[in-house]
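Below is one structure, written out as structure tokens; the observations come after it.
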């Protein structure tokens, strides 16, 4: 599995922002109230961002050689896949929450402070999820080895 590239995170953020802006515009244009992210979205996002790092901790200890026990390879695989999914989800939801915040701030009628606070909390929580995913992914990365896998020993005969 390759590391998460900044370009894919940027694309996910832009896609989330476009979707969030479209949702807000469509809701307001149809006469409905704008979507305000609930606190039940922000708190779990931040919590998941922390949990992802905690899940990657045993793998990190084995990778760095500080743990005496081995880690199950399936556990390590699940940890790194969860980390990657968390970073992508954090980028997507961060873009959407930022679009909601910008939409609220650009209206001619000033929204209530509680609405802005919930949108800001969701942006921060999505960033925590994004950073937690990237940190956990880095924790699960093996350090580069001294052996170059492209160089084959001269004594081996490959047909």
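The values are calculated or read from the model by the stated rules, or taken from the named source; none is laboratory data. In this text the structure is predicted, and so the values were computed from the model without any measurement. Neighbour counts run over all protein chains shown; Cβ positions are idealised from the backbone, glycine included.
From 6, 37, 58, 44, grab the single residue that is surrounded by fewer than 13 Cβ atoms within 10 Å (Cβ to Cβ) and on the phi < 0 side of the Ramachandran plot.
Within the list 6, 37, 58, 44, the selection yields 6.
Of these, 53, 28, which one is surrounded by 11 or more Cβ atoms within 10 Å (Cβ to Cβ) and modelled with pLDDT under 95?
28
From the list 89, 4, exactly one residue is within 15 Å of the chain's Cα centre (by Cα) and at pLDDT below 95. Which is it?
The conditions single out 4.
Only residues that are under 9 Å from residue 9 (Cα atoms) and surrounded by 24 or more Cβ atoms within 10 Å (Cβ to Cβ): list them for segment 91-102, please.
Within segment 91-102, 91 is the sole residue that qualifies.
Which residue, of 80, 128, is assigned to a helix (DSSP H, G or I), out of contact with any strand residue (DSSP E or B) (no Cβ under 9 Å at 6 or more places or on another chain) and more than 30 Å from residue 25 (Cβ to Cβ)?
Among 80, 128, only 80 is assigned to a helix (DSSP H, G or I), out of contact with any strand residue (DSSP E or B) (no Cβ under 9 Å at 6 or more places or on another chain) and more than 30 Å from residue 25 (Cβ to Cβ).
Kindly indicate whether any position in segment 137-159 is in contact with a helix residue (DSSP H, G or I) (Cβ under 6 Å, 6 or more places away or on another chain), crowded, with 21+ Cβ neighbours inside 10 Å, under 30 Å from residue 36 (Cα atoms) and at pLDDT 85 or above.
Looking through segment 137-159, none of the residues is in contact with a helix residue (DSSP H, G or I) (Cβ under 6 Å, 6 or more places away or on another chain), crowded, with 21+ Cβ neighbours inside 10 Å, under 30 Å from residue 36 (Cα atoms) and at pLDDT 85 or above.
In this structure, is residue 37 closer than 14 Å to residue 97 by Cβ and not in a helix (DSSP H, G or I)?
For residue 37, the condition - closer than 14 Å to residue 97 by Cβ and not in a helix (DSSP H, G or I) - is met.
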